[in-house]
Amino acid sequence: MKGSVIFSGFRALGLYSNHLAHVLRFHKKHREFYVLTAVGQCFHTYNVSKLGIVAVSNALPEDISSLAADRMLVYAAFGKLISAFAKNKEVVHTYTGHQADVHLLLPFGDHLISVDKDNVVIIWDVESEDTYLQISYDKASFEVSALMHPSTYLNKILFGSSQGSLQLWNIKSNKLLFTFPGWASAVTVLQQTPAVDVVGVGLASGQIIIHNIRFDETLMKFQQDWGPVTALSFRTDGHPIMASGSPIGHIGLWDLEEKKFVTQMRNAHTTAIAGLTFLQNEPLLITNGADNAIRVWIFDVAGGDGRLLRQRTGHSAPPTKIQHHDQSSLNILSAGQDGTLQSFSTVHERFNKSLGHGNNYLASKKKGVRNDTAKLPAITTFASETARQSDWDGIIACHRGFLVTTTWNYQRGSIGAHKLEPERFNKNRSLNVHATAVDITSCGNFAVIALSSGHIDVYNMQSGFHRGHYGKDKAHAGAVRGLSVDALNQLTVSVGADRLLKIWRFRSKELLHTHSLPAAPASSLLHRDSGMLAIALDDFTIHILDMETRRTVRRFSGHRGQINDMTFSPDGRWLITASMDCTIRTWDLPSGSLVDCFLVDAAAVSLSMSPTGNFLASSHVDGLGIYLWSNNTLCSLVSLRPLPADYEPTVIMLPGTYADSSEMAEYISPAQLDEHLITLSLLPDSRWKNLLHLDIIKMCLKGHYRSFKIPPKLPKAAPFFIPTIPGLVPQFALPSTPSEDQSKIVNLGVLAQKSTFYLQLENALDSNSLKLLRELGPSAIETELRALSPDMGGDVRVMQSFLKMISSILQSKRDFDLAQAYLALFLKLHLRFIADQPELMEEAESVSAHLEETWMSMQMLLNQNICLLSYIKSALL
């Protein structure tokens, strides 16, 4: 068995950008800007108008090290290779020749310029993939750190170096045209300004130089105080503003006319600004950074400052805990090491929300004085409940090494009203006590908080008041590792480092039962509906305790590392566990066996099974995203068997990001889904439904036109255009050329002209005959069927051929509605004549048998569906 039989990778959530600068493209046909960002081994394409993802490239073998694009292709460097992508997805060219990792790319007309770590510059022919030119620099004297093509400079490339000097090359003649001495600091950015001959140069010293390369003249200098310049961009909508990026996430705005600093956009990103670009002739600035964020800023306020217009943000540090928020399975709450609490939608990114980063200021905020506005530590675990979230806070969270627990409000998307801290410690921060586990009752009224000191406290979620504690002094002699409240607020169960499991009465706080554990517990998880409590122990085993009988009913062993997280399936049948041994295992509780196991590249730190059971969500070590795995048992028959003790799982790659469904290829249905199913023609009802009532329709129309007096009309002139054959599909009637030896004696048989349909029936071409009838209107169909009678110049053999055509249609189970309509009209027109002809009667009986057989199978299918629908509507499921 390979991989997992239960789960298959579906998609990744919350991945938007990394440390590489974004690339901006303009689509002439769509008249829209698109921004491309690298994410690991692939790149994403977003429309700037809504920041909706429209394409995800195929994955490369390694992480992308540089990204660039021209009008037709997107270029991505990985390792020593470069790939060119068409349509933002498929690799169409691969360029091999570098002996070191490539870190700089520049598209240049029909060529591509690349620079590797060994300081070798290669110019490629894009189509042929051949090397056009290769330039090697001495690293000690000129290490290429930036390059650009000066506007209007034909075949010229400007190189910047880590030594500070610049060189202008003609790559067609392979000549060094000029060397600029530089400004005694490494060049980090080269950017073309809106003015010809003028280039913006960003230096590692924080200096920004506006230099005229034609006259080798420095026009102005600016000094950025936040470290090296990471990116430069210039407004082109009539305002002489330059934006510069910094390593600490600030953006500086400079006025080029008045040569002064205008304003700053502080904390635009929490990490270095990887790229920033002003849109052509628009007051919009696009930025991205290694904090996994893309932001669009608009400059429409006085003072020249930009305000945030739209953004796509994920965690800037790996998530520590994920959990589905409500019963709809549409939203996943995620707490990250970056200290933020975020909600990711499994439907569309526009429903994502960030609940923000909590600040550590307490009651002093009410007095208008902030004593300490430092950010709270990262959230280690949290609990959420939706029962009363519209009335008060519905989320409670523990922070790393922090005694105070915080409440959060999902609907407002912010930190909540209360910071819960027990009074017994008198706010003494030197005691090194912190919150370890939390839970919220199913009614949403109470929060239960466990501490590393062994205390367990109960708080009211609405008021934040303390409502009691468990035990005379402490609930446990050691730190509390797990805490849960049952579905009816009757029992509270806790596990502690003292190797004891204790069951308490929720309201009276009295101890009901104590159970010894064979090893210290790491965590616990209660499935409220079934009353099964899973306890992960430090010896890497899992015990299942039945809350009803208060006995251990299952023991699972097999993990070879610390168990990071556990989650139950909605029905409580499966327990899914993740461990530091990089395995994700599924245990079947009724049979007490391991039924599924697979390996991932990075150990999963948190798991959450959706309440509907369709997806498993996971977060991983050093990964910024949340990965969804689809449950195969919901859509196909999966046979689960106990896995042997020596089973060796295989590695499954983490799923990638998916583009919007609106951009995916449209599904094309086959002509017939299955040969056992009856298929209709899909023709409009007007083409076949009224075939039996044409005589009535004609009489009604004749009486209608009689009531109008139509004025006399002049006879029409002869048509100039070539005449066409009557029918719904227009066809030209080509004149027939008379042969030379044609007899002048008139053949009376020619007067009764045979139609194409009649000739096809004569030749017994059933499929072609049906195609011709499908293209005709109701009146033309009636005319064709009347012409089959010997009285109208037809023949009995042709009528017999028509009945055979109907039989073949019924046997193929296609065009069922047309076969019924054509047969009904045929019988209406020729029933008396058919009764007098034995061969036609024999063929008609054959058609009747086929018709009855087809109708019986169709009636059976209809009855089965009606029965199933009636059962679903009436049964208590």
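Odds and ends about this structure:
- Across the stretch 80-91, the qualifying residues are those that are surrounded by fewer than 16 Cβ atoms within 10 Å (Cβ to Cβ) and not charged (D, E, K, R), and the one among them that is nearest to Val102 (Cα to Cα) is Val91.
- Boolean, Ser390 is buried (at least 17 other Cβ atoms within 10 Å of the Cβ), within 42 Å of the chain's Cα centre (by Cα) and free of Cβ contacts under 8 Å to residues at least 40 places away in the same chain: no
- Among strands (runs of 3 or more DSSP E) entirely within the stretch 423-503, having at least 1 residues that are polar (S, T, N, Q) and over 21 Å from Lys321 (Cα atoms) singles out 456-460, 491-496.
- Single condition Ser151 does not satisfy, out of (1) within 25 Å of Leu232 (Cβ to Cβ); (2) part of a strand (DSSP E or B): (2)
- Residue that is most open to solvent (accessible area, probe 1.4 Å) [pool: residues in the stretch 6-35 that are among the polar types (S, T, N, Q) and outside any strand (DSSP E or B)]: Asn18
- Residue check for Ala475: under 30 Å from Asn352 (Cβ atoms), open to solvent by less than 10 Å² (accessible area, probe 1.4 Å) and aliphatic (A, V, I, L, M): no
- Some residue of the stretch 15-32 being among the small types (Gly, Ala, Ser) and farther than 20 Å from Arg310 by Cβ: no
- Scan the stretch 224-267 for residues that are open to solvent by 20 Å² or more (accessible area, probe 1.4 Å) and not in a strand (DSSP E or B) and the total you get is 19.
- Residue among Val485, Val433, Val448, Val493 that alone is of a type in the set (A, V, I, L, M), at pLDDT 95 or above and out of contact with any Asp or Glu (no Cβ under 6 Å at 6 or more places or on another chain): Val493
- One residue from Lys139, Lys89 being modelled with pLDDT under 95, in contact with a strand residue (DSSP E or B) (Cβ under 7 Å, 6 or more places away or on another chain) and of a type in the set (D, E, K, R): Lys89
- Taking the conditions (1) farther than 21 Å from Arg554 by Cβ; (2) assigned to a loop (DSSP other than H, G, I, E, B) in turn, Pro590 satisfies each one other than (1).
- Only one of the numbered conditions (1) in the same structural domain as Thr436 (by the TED database); (2) modelled with pLDDT under 95; (3) over 17 Å from Asn267 (Cβ atoms); (4) within 20 Å of the chain's Cα centre (by Cα) is not met by Gln337, and that is (4).
- Within the stretch 614-629, the set of residues being open to solvent by less than 30 Å² (accessible area, probe 1.4 Å) and not hydrophobic (A, V, I, L, M, F, W, C) comprises Ser618, Ser619, His620, Gly623, Gly625, Tyr627.
- Residues that are among the charged types (D, E, K, R), open to solvent by 40 Å² or more (accessible area, probe 1.4 Å) and in a loop (DSSP other than H, G, I, E, B) within the stretch 278-336 comprise Glu282, Asp300, Asp305, listed in sequence order.
- Scope the stretch 794-844; condition within 21 Å of Pro684 (Cα to Cα) and not in a helix (DSSP H, G or I); matching residues: Lys813, Arg814, Asp815
- Condition check for Thr577: open to solvent by 10 Å² or more (accessible area, probe 1.4 Å), among the β-branched types (Val, Ile, Thr), at pLDDT 95 or above and under 20 Å from Asp439 (Cβ atoms): no
- For the stretch 485-523, a residue qualifies if it is within 14 Å of Asp546 (Cβ to Cβ) and either more than 43 Å from the chain's Cα centre (by Cα) or surrounded by 21 or more Cβ atoms within 10 Å (Cβ to Cβ) (or both), and the qualifying residues are Val493, Leu501, Ile503, His513, His515.
- In the stretch 751-775, the residues that are under 17 Å from Trp688 (Cα atoms) reach residues that are open to solvent by 60 Å² or more (accessible area, probe 1.4 Å) and modelled with pLDDT of 75 or more with C-beta atoms within less than 7 angstrom, at least six apart or across chains, in these pairs: Leu772/Thr756.
- Look at (1) more than 30 Å from His676 (Cβ to Cβ); (2) open to solvent by 90 Å² or more (accessible area, probe 1.4 Å) and you find that Glu845 fails only one, number (1).
- Selected residue [of a type in the set (A, V, I, L, M), farther than 23 Å from Gly314 by Cα and surrounded by fewer than 15 Cβ atoms within 10 Å (Cβ to Cβ)] from Leu637, Leu594: Leu637
- The set of residues in the stretch 598-613 that are assigned to a loop (DSSP other than H, G, I, E, B) and open to solvent by less than 10 Å² (accessible area, probe 1.4 Å) comprises Val600, Ala603, Ser610, Gly613.
The values are calculated or read from the model by the stated rules, or taken from the named source; none is laboratory data. The structure presented is a predicted model; accordingly, all values stated were derived computationally and were not measured. As a convention, Cβ positions derive from the backbone with ideal geometry for all residues, glycine included, and neighbour counts pool all protein chains shown. These accessible areas exclude ligands, DNA and RNA; they are computed on the full protein's heavy atoms, side chains included. Shrake-Rupley method; radii C 1.70, N 1.55, O 1.52, S 1.80 Å.
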